[in-house]
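**Q** One structure is given below, represented as structure tokens, and several questions about it will come after.
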Amino acid sequence: MMDPNFKRSVILLTEYSEVGAMGFVLNQLSEYVLSDIMPDVAYAEIPLYKGGPVGNNTLHFIHRCPEKIEDGIEITNGIYWGGDFEMVKGLINNYQLTDADIRFFIGYSGWTEGQLDDELQEDTWMVTDKFSPDLLFSHNEDTLWKETVVSLGQRYAHIANFPENPTLN
């Protein structure tokens, strides 16, 4: 996909229904850290990611610590979406939550009714339901796409070595 919002992106789908879909790009680090938008947070160096081109004035988070953050929704394999934001701020300020446990996103990726289904029919996306929380929170943004593609098996593994711009090959 040549769209710069999604080129070589790994997206964690958080919601999928007949009315549409929503998710977050996992491997597009923004130039901001949490303290840039929340100066009252003590642990200021938590990076912010570009979740997608929709709602760029919104902040979202996923985490893997439901025992610390109430009201999160499990989306897969021990990964939770959202929860009590005031509790999150308190945990960060008390150094009980780090970027190894939580990831923040500016904006999100969204699809209208039927849009994602159409894109899947056109083979625009490669899909897997085997995703490791350790990989998600490893902060390997530069290699996450390649590692994810290789994990899909032989059918896709060769794609991981393609140059970003095939005309330069």
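The values are calculated or read from the model by the stated rules, or taken from the named source; none is laboratory data. Owing to the predicted nature of the structure, the values given are computational and were not obtained by experimental measurement. Positions of Cβ are backbone-derived with ideal geometry, glycine not excepted, and every protein chain shown enters the neighbour counts. Accessible surface areas use protein heavy atoms only, side chains included; no ligands, DNA or RNA. Shrake-Rupley method; radii C 1.70, N 1.55, O 1.52, S 1.80 Å.
**Q** For the chain, with the dipole built from +1 on Lys and Arg beta-carbon atoms and -1 on Asp and Glu ones, taken about the Cα centre, which of Asn93, Thr143, Trp125 lies farthest toward the positive end?
**A** Thr143
**Q** Same structure again: Which value, in Å², gives the accessible area per residue of the chain when a 1.4 Å probe is used on the protein heavy atoms? Display every interim value, and only then the final one.
**A** On the way: 9590 Å² over 169 residues.
Roughly 57 Å² per residue, with all protein chains present.
**Q** Shifting gears a bit: Within region 1-90, which GluC sites (Glu not before Pro) sit in a loop by DSSP and count at most 14 neighbouring Cβ atoms inside 10 Å? Spell out each step's value before the answer.
**A** Numbers: sites: Glu15, Glu18, Glu31, Glu45, Glu67, Glu70, Glu74, Glu86; in loops: Glu18, Glu45, Glu67, Glu70.
Answer in residue order: Glu18, Glu45, Glu67, Glu70.
**Q** Can you give the Rg to Rh ratio for the chain, taking only C-alpha atoms and Rh from Kirkwood? Mind showing how you got there, number by number?
**A** Working: Rg = 16.5 Å, Rh = 17.0 Å.
Ratio value, two decimals: 0.97.
**Q** Also, quick follow-up: Just tell me which lysines come within less than 23 Å, Cα to Cα, of Lys68; anything on the same chain fewer than 8 places away is out.
**A** Of all the lysines, those that pass the test against Lys68 - Cα under 23 Å, at least 8 places apart if same chain - are Lys89.
**Q** Could you tell me which trypsin sites (Lys or Arg not before Pro) in region 94-155 are loop residues by DSSP with no more than 14 other beta carbons within 10 angstrom of their beta carbon?
**A** On the way: sites: Arg103, Lys130, Lys146, Arg155; in loops: Lys130.
Filter output for region 94-155: Lys130.
**Q** Only four residue types carry charge here, +1 at the Cβ of Lys and Arg and -1 at the Cβ of Asp and Glu. Report the dipole size of the chain about the Cα centre in Debye, rounded to the nearest 20.
**A** Numbers: 10 positive and 27 negative charges, 100 e Å.
Using only the charged Cβ atoms, the result is roughly 480 debye.
**Q** Below 28 Å, Cα to Cα, which lysines can Lys146 reach? Residues fewer than 8 away in the same chain don't count.
**A** Lys7, Lys50, Lys130
**Q** Could you please state how large a percent of the accessible area of region 39-169 is carbon and sulfur, counting protein chains only and using a 1.4 Å probe? Don't skip to the end; give the middle numbers.
**A** On the way: 3640 of 7600 Å².
It is 48 percent, rounded to a whole number.
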